[in-house]
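One structure below.
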Ligand code: GLA
């Protein structure tokens, strides 16, 4: 029967997918190898249950080991690993007993996917697990669908993660990225000791990341060594547990965070989790970066804009804050055009009543005190200058001081008899409500329809509090966060479909909501509200480890968080390793400042294709060194751009880095080709540059240099 099903499944899939042959089935029909370019994930049925055997280098296929754990650990029986699924059946039974039923190979997004169905031995609960192989990036993706196949009685889901993997017994170090406002993605490395290390989000705000790296203790080389890594494709509350047993494997289990959440599965209904991505490489952190960033750049980013070179931006926030008006915006746009900017974005402050952060959110019509003619006449003037126009919105929020809130005080999340916790004087709209969804959809549809807007900056500034939805049926009340996220994705997707030419930037008080799910719906991220160049070097170092440079908007501004008065040249160079923007009040700039900007923007346009579409290499990390060096290599390896940023200088041998060689070895070049390096004499073979290396001629604190390496 299983064999017949398998043959049937094979006959349904298209030939190109089959030829990749990344899901390999054992002769017995009850064991599977999920194969990528250089990894394998192994499963087999043992004692009627699907178990994970091993995950790592492809050579594991030579022999079958003993399973490390259940593919879907559940609450039930011995509690030896972190459960992915915890339910309560209608009669109050809380344990699950799963039994293997069938498998199929299906096609998802063009990739072969193993679909395994297990069922509870007694209750009408189907658990379908999916594992996709994404061979070219050495990634697998897992997700789970649960179904109440009964005719009567609800099943309550108390926990449902997306997937887990077990790593063989060893000592492991975890690196993850944590942060706060202004200091996003700060890497944290810790030894996993027996017990559970959890990283999670409980309030929709994540200044860190769900991306993680786990490697055998001591194997921390940038370019070599085993790394298991992953990330969750979800922007709501997520959670990952790294659970080390005293004498056995380490389990990594992640997905939606069921903290204060439950889901009721009615008879006949099902629920599908978001996906968790896992990867394995033996090329250290660089191997992780290459796999994650090229997957995002080549497959995840919205298809309409994926291949497009990103424009140079101007954003008015730091120049004006809320004090925007037509005359000043036009004056800014005129100078922006002179400098070489291509997209002019007006930030917060343009809509009704928005004189400061105490009012206006929710009322998405133009403030006629500031723009008496409306937006479109101003946009036309900006377009006439030769600039595209973009605008800031914060759809998910409302100020109590707004017409919207006065009309619909029940449209925000709240509990009766409890305080409505404001943050930045605002509350969160309950996007789980269909009327809220429709209001937002109509508002932004109208805005985009009536105005020639080419770019949306979508902000979200308050953490989730008071997640009450008092008028909802009792059994839906704790699922509001799930519904909210569904509607958020739906809103972005609907607007993008209707206005396919518009670029979308994702912002959440800086980098408070950056993840792969956002990456598949937004073209860019605003990595941080901290635009101080030195802090940015650190934030960008982590960002570029996890995400592609063409998603990282970076503006040159007057912000100087450490009173260092850095040069304009240094600031531009820092922002040029992503998508360059300017945020100063440029109407006040001297000719000298304008000339620097003109030159830098022209230079950026010359190098941006390699930066935005090239392969990234991190040569020197600012953590533990007093400089940061990044390199990008274009596809055919004929051009490379090297960014060198010096940080503070210390007396000779004052820090360990000063004792080391100043020679830098480049990466990713063709060994037998000769390259010239701008500003340096002669040519060098790729082999020489990669094996012997060069000393980069740059001295002095807070100096920078951008070197173009070109094939001769
Ligand atoms: C947030 C964003 C900023 C800016 C302001 C506007 O803080 O992160 O970039 O848009 O809101 O109010």
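None of the figures in this text is laboratory data; all of them are computed from the coordinates on show. Just so it is clear, the structure is predicted and the values come from calculations on it, not from any experiment. When we count neighbours, we look across all protein chains shown, and the Cβ atoms used for this are built from the backbone with ideal geometry, even at glycine.
Suppose each label sits 7 Å from its Cα in the direction of the beta carbon; what would the residue 472-residue 435 distance come out to in nanometres?
1.6 nm
How would you rank 620-630, 253-263, highest first, on the average number of other Cβ atoms within 10 Å across their residues?
Ranking the peptides 620-630, 253-263 by packing returns 253-263, 620-630.
If you take the square roots of the eigenvalues of the alpha-carbon gyration tensor of segment 78-206 and sort them as a ≥ b ≥ c, do you get rounded (a/c under 1.5), prolate (a/b over b/c) or oblate?
In terms of gyration-tensor shape, prolate.
Tell me the relative contact order for the chain as a rounded percent, counting alpha carbon contacts under 8 Å between residues six or more apart.
10 percent
Roughly what % of DSSP beta bridges within the chain run antiparallel, to the nearest 5?
80 percent
If you stretched the chain out fully between residue 260 and residue 710, how much longer would it get, using 0.36 nm times the residue separation minus the C-alpha to C-alpha distance?
Length gained, residue 260 through residue 710: 156.4 nm.
Please report Rg over Rh for segment 662-712, where both radii come from the alpha carbon positions and Rh follows the Kirkwood definition.
Radius of gyration relative to Kirkwood radius: 0.98.
With label points built 7 Å along Cα→Cβ from the Cα atoms of residue 217 and residue 108, find their separation and express it in nm.
3.6 nm
If all Cα-Cα distances of segment 622-688 are sorted into 5 Å bins from 0 onward, what percent lands in each bin, rounded to whole numbers?
3, 14, 21, 22, 13, 14, 9, 3, 0
Which value in deg cm²/dmol, rounded to the nearest 500, describes the helix-derived mean residue ellipticity at 222 nm for the chain, given -39,500 (n - 2.57) per DSSP H run of n ≥ 4 and division by the residue count?
-6500 deg cm²/dmol
Return the FRET efficiency for the residue pair residue 691, residue 203: r is the Cβ-Cβ distance, R0 is 35 Å, and the value is rounded to the nearest 0.05.
0.10
Efficiency by 1/(1 + (r/R0)^6): what FRET value for residue 635 and residue 246, r their Cβ-Cβ distance, R0 = 51 Å, to the nearest 0.05?
The pair residue 635/residue 246 has a calculated efficiency of 0.60.
Is segment 255-394 best put as rounded, prolate or oblate by its Cα gyration tensor, with a ≥ b ≥ c the root eigenvalues, rounded for a/c under 1.5, and otherwise prolate when a/b is larger than b/c, oblate when not?
Oblate shape, in that a/c is at least 1.5 and b/c is the bigger or equal ratio.
How would you classify segment 327-411 from its alpha-carbon gyration tensor, with a ≥ b ≥ c the square roots of the eigenvalues: rounded for a/c under 1.5, else prolate if a/b is greater than b/c, otherwise oblate?
Prolate.
Can you tell me the equivalent ellipsoid semi-axes for segment 349-474? Use √(5λ) from the Cα gyration tensor, largest first, whole Å.
Output for segment 349-474: semi-axes of 30, 15, 12 Å.
In nm², what is the average projected area of the convex hull enclosing the Cα atoms of segment 449-540?
The directionally averaged projection comes out at 8.3 nm².
Test of understanding: what is the full-extension gain from residue 121 to residue 75, defined as 0.36 nm times their sequence separation minus their Cα-Cα distance?
In short, 15.2 nm is gained.
Relative contact order of segment 606-693, please, whole-number percent, based on alpha carbon pairs below 8 angstrom and at least 6 residues apart.
Once normalised by length, the contact order is 21 percent.
Could you check how many percent of all C-alpha pairs in segment 589-664 are farther apart than 17 Å?
Result for the distance tail: 59 percent.
Let me know the Kirkwood hydrodynamic radius for segment 540-584, please, with Cα pairs as the basis and the value in Å to one decimal.
Result for segment 540-584, one decimal place: 11.1 Å.
How large are Rg and Dmax for segment 292-373 when calculated on the C-alpha trace, in angstrom?
Every Cα atom of segment 292-373 included, Rg and Dmax give 16.5, 47 Å.
Go through 336-349, 636-649, 190-203 and give me the packing order, highest mean Cβ count within 10 Å leading.
Answer by packing, highest mean first, reads 336-349, 636-649, 190-203.
If I histogram all Cα-Cα distances within segment 498-655 using bins 5 Å wide from 0, what percent of pairs lands in each bin?
Histogramming segment 498-655 at 5 Å steps yields 2, 8, 17, 20, 20, 17, 9, 5, 1, 0, 0, 0 percent.
How big is segment 254-335 in terms of Cα radius of gyration and Dmax, in angstroms?
According to the Cα coordinates of segment 254-335, Rg and Dmax are 22.4, 63 Å.
Suppose R0 equals 41 Å; then what is the FRET efficiency for residue 169 and residue 410 from their Cβ-Cβ distance, rounded to the nearest 0.05?
So the FRET efficiency works out to roughly 0.15.
Compute the distance in nm between two label points, each set 7 Å from the Cα along the Cα-to-Cβ direction, one at residue 650 and one at residue 623.
Between residue 650 and residue 623, the label points sit 1.7 nm apart.
Let me see the P(r) profile for the chain: every Cα-Cα distance counted, bins of 20 Å, each bin given as a percent of all pairs.
Here the calculated profile for the chain is 17, 48, 31, 5, 0.
Averaged over all directions, how much area does the convex hull of the C-alpha atoms of segment 394-444 cover when projected, in nm²?
3.6 nm²
Stokes-Einstein D for segment 145-273 at 20 °C, 1.002 mPa s, Kirkwood Rh over Cα pairs, in µm²/s?
132 µm²/s
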